[in-house]
Amino acid sequence: MRYLSERRPKVSGALESLNITAARSHEMPFLSAASIDDLFALPNAPLSSLTPEELVRFAQIVDTALFKSYLLVRPGLLAPLCRVGNWCEKFSELIYLYNGKKMHGKALDLLKHLSEKETDKRDKFMPTVNYLQRLGPEHLNLIFEHSRWVFEQDADIAFEVFTSEEVELPRNLVADFLEKIDPAICARYVEFLVNERGEESAMFHNRLAELYLTMSMSAKQQGDNDLRQTMKAKLLNFIDTTNHYETDRLFGLLPSDDLFEAKAVLLGRLGRHDNALEIYVYRLQDFQKAEEYCKRVYQPNSPTQNVFLTLLRIYLRPTIKLSVDLLAPALDLISRHSPRLDEIETLRLLPPLVTAKDIRAFLVEALRAPVFDRKVVKEVEKAREEQVARKLMYLQSKRVKVTDSRMCVIWFLETLGMDADVLLLWQMPAMS
């Protein structure tokens, strides 16, 4: 310390002879910006032979070393040193001192002040972020207060304050704070808790679903369709892949005129598969998703074993009037999923206009099934009789005008003693 104390006035005098004073220290490159190699490369020469830049470096080294020495050995001498002009970079040591004395507010104020000189974002904000990350839950209000200005300038960097593994902060209070700043940031935080920290409580899963819902509805009101679709997709994926939220609670929050697919997912979670399928068919008219829903929930020998039959019933016995034809998707369903359909109930649901050819694959599968019995035969015969009866009614409804120049075949045959009904049946085309 004696050496430094003796060198200090000599270096200051050499600088003053060049009209360079400590008042201009903020204009000079910081000592911390220089590498160790640069400092060791400074010449070991008389002060009079040094350049102004080299003199400034010597002044910074002497004053900073003296400040650190006083800080460790004789803190009482810090005040006199700081009261006079000096070249020491004492900020990091001062912050360290504030931290040691639990004067965190002063340390954070100083960090914010120092950030004003930085241009690089991480150099500007990370000192504050790193300091806040080390504070515990007992300083939660201080963390909230001093992270606000970072959020205002760079939310991504500020978010790192609350993802540190150094300390554990009260998650619900952090979520409340972040939601006031921006619901999207709060959703990101809860996503982090769920995906990275394994959070399984219903409180946070409910909150995340509600945030997606709120942001989707808000985007709709603002006309931001891209954001609305993004939040809608996140909501659907979330409620379809996790079981930790309260289904009935979330279902009650959904609007009556929107988010019908989300309603279908939640109805399925509640076991109301018929209502879920009605939304896919009647409201969304998305037959592919209705079929995918059935494939997802179908389990043989379980309460969902008849879910494909439920979908078929919705197609063939609609409860509302639709302009779209539901017979085609019904027949497609029968052709693709006949093993999962009850044969008897399927035949009973089919309208009379459906021919055996339309459901040939289904009938072949039914004939091969071990459960095939007389009931199936009876239903097939009944359908066949109805088709023949309709064809006969069609033929009998036809009229032919008989004139002097045109002979009635039936009358002619009757004169020959033949049965006209036999001829009529003979003339009828083969029925399929």
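Side notes on the structure shown:
- Within-12-Å neighbourhood charge of Asn172 [Cβ basis; K, R +1; D, E -1]: -1
- Once the C-beta distance of Ser49 and Lys102 is scaled by a Förster radius of 45 Å, the resulting FRET efficiency is 0.40 to the nearest 0.05.
- Label point 7 Å beyond Cα of Glu246 along Cβ direction - residues of segment 205-225 with amide nitrogen under 19 Å: 205-214
- The residues Arg188, Arg134, when put in order of fewest to most other Cβ atoms within 10 Å, stand as Arg134, Arg188.
- Cα gyration tensor shape for segment 245-284, rounded if a/c is under 1.5, else prolate or oblate: oblate
- Measuring between alpha carbons in the structure, the pairs from Lys102/Lys124; Lys101/Lys124; Lys289/Lys357; Lys117/Lys220 lying more than 31 angstrom apart are Lys117/Lys220.
- Contour excess over end-to-end distance, with Cα ends at Leu253 and Asn172 and 0.36 nm allotted per residue: 27.1 nm
- Three-way shape label, segment 149-218, alpha-carbon gyration tensor, a/c 1.5: oblate
- Computed FRET value (nearest 0.05) for Gln153 with Leu42, which takes r as the C-beta separation and R₀ as 25 Å: 0.10
- Förster radius 51 Å - calculated FRET efficiency between Lys10 and Glu200, Cβ distance, rounded to 0.05: 0.15
- Arg8 sits among other residues whose Cβ lies under 12 Å from its own Cβ, and their net charge, with Lys and Arg +1 and Asp and Glu -1, is +1.
- Computed extension gain for Ala34 through Lys357, at 0.36 nm per residue and net of the alpha carbon distance, reaches 107.5 nm.
- Each residue in Met203, Met393 was given a count of other beta-carbon atoms within 10 angstrom of its own, and listing them fewest first yields Met393, Met203.
- In segment 134-175, GluC sites (Glu not before Pro) in a DSSP loop with at most 12 other beta-carbon atoms within 10 Å: Glu165, Glu166, Glu168
- Prolate/oblate/rounded call for segment 265-305, Cα gyration tensor, a/c under 1.5 rounded: oblate
- For Arg122, the shell of other residues with beta-carbons less than 14 Å away shows a net charge of -4, using +1 for Lys and Arg and -1 for Asp and Glu.
- Fully extended contour minus Cα-Cα distance, from Tyr298 to Ile320, at 0.36 nm per residue: 5.4 nm
Any read-out appearing in this document is the output of simple, stated calculations on the displayed coordinates, not a laboratory observation. Just so we're clear, the structure is a prediction, and the values are computed from it rather than from any experiment. Cβ sites come from the backbone with ideal geometry, for glycine too, and all protein chains shown count toward neighbours.
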